[in-house]
Amino acid sequence: MTNDARDRILQMVASGQVTAQEAAQLLDALTEEQTRTRNRMVRVRVTDLATSRIKINVTIPVGLIQVGIRLGLRLAPQLSAAALDELLRAIVGGSVGRLLDLHDMEEGERLEIFVE
């Protein structure tokens, strides 16, 4: 849980907007969400289209996905910034399953991104 979120909840208690019990529930929900996000993993797989051989198969914790995706853009430079932002929002937002299936015919590769 971020300090900002915790501080906002405490300010809400201080101003009388929520009770201490409601604040405790909010804090618990934030902690639970953070734990759930921390336990989720993103798998990036690059397959050679001609041979079906997996060239890259990497699993990254969701918490590190922004760094991993930005580094991985070298694998798929054809992804726009808007598409990348949408992908990151889907991952952080709790989506599961295959989120990207990109065929690069020039390189003869298939890039897949899954959230597990």
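What the table below lists for this structure:
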quantity: Failed criterion for THR47 (all others in (1) surrounded by 13 or more Cβ atoms within 10 Å (Cβ to Cβ); (2) modelled with pLDDT under 90; (3) part of a strand (DSSP E or B) hold); calculated: (2)
quantity: Search result, residues across the range 88-108 that are in a loop (DSSP other than H, G, I, E, B) and within 12 Å of the chain's Cα centre (by Cα); calculated: GLY93, GLY94, SER95, VAL96
quantity: Top-ranked residue in the range 1-34 [being among the hydroxyl-bearing types (Ser, Thr, Tyr) and surrounded by 11 or more Cβ atoms within 10 Å (Cβ to Cβ); ranked as modelled with the lowest pLDDT]; calculated: THR31
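The values are calculated or read from the model by the stated rules, or taken from the named source; none is laboratory data. Treat the numbers as computed from the prediction; the structure is a model and nothing was measured. Methodologically, a virtual Cβ is constructed for each residue, glycine included, from the backbone with ideal geometry; neighbour enumeration extends over all protein chains shown.
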